[in-house]
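Here's the structure we're looking at; comments come further down.
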Amino acid sequence: MVLSGYHLTTIILETQNERNRAVTVNVVKIWLLLAAFFGLSSVALGAFGAHSLKNILDEYGKSVYEKAVLYQMFHSMALFAVGVLQHLFKGIPFSPAGFGFLIGILLFSGSLYVLAISGLKWLGAITPIGGLSFLFGWAWLIFAISRIR
């Protein structure tokens with residue numbers, strides 16, 4: 001069947017390609033927005049810790065809090081890299097790495113923030129799960145980058 005010089009299969013394929021492009025653009029935008037949000041909140045939480053918590057936290061609490069800020073910032077930049085790589089290499093799935101970094105930020109840094117402020121030691125059991133999520137993200141990034149031609 002021919003419609004105005006196009007075959008029906010061509011129209012269907014073009015429509016699917018447009019949907020795939022739209023999904024890729026949305027995924028890229030999500031990773032970049034999350035990177036910006038977590039980068040911004042890392043700076044804000046670091047400033048809060050340095051100024052508002054300096055007389056409240058003991059040395060151990062300060063060390064734990066600083067570790068949370070540091071890892072959040074590193075992995076905010078990793079989320080940014082995921083967004084950029086997904087934009088540049090649309091056929092390669094970078095999102096699993098992004099999810100690893102996202103879950104890692106929430107569990108690793110999140111549990112350390114609460115541990116530092118509250119002193120609830122049992123939260124230390126959650127932190128390694130976040131660390132494993134970070135490791136998964138980095139491992140997937142290695143896998144995905146190795147697929148670039």
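Where a number appears in this text, it was derived from the coordinates with a stated rule and is not lab data. Quick caveat: nothing in here was measured; it's all calculated off a predicted structure. Note that each Cβ is placed from the backbone with ideal geometry, even for glycine, and that neighbours are counted across all protein chains shown.
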Enumerate the calculated ³J(HN,Hα) couplings along the stretch 98-104 in order (Karplus 6.51 cos²θ - 1.76 cosθ + 1.60, θ = phi - 60°), each rounded to whole Hz, writing x wherever the residue is Gly or Pro.
x, 5, x, 5, 4, 5, x
Cross-link partners among lysines for K29, C-alpha distance below 27 Å, same-chain residues fewer than 8 apart left out?
K90
Let me spell out the model: positive unit charges on the Cβ of Lys and Arg, negative unit charges on the Cβ of Asp and Glu, origin at the Cα centre of the stretch 36-149. What dipole size does that give, in debye rounded to 20?
340 debye
When the Cα centres of the stretch 44-73 and the stretch 104-149 are compared, how far apart do they sit, in Å?
18 Å
With labels modelled as points extended 7 Å from the Cα through the Cβ direction, what inter-label distance (nm, one decimal) is found for W138 paired with M77?
1.3 nm
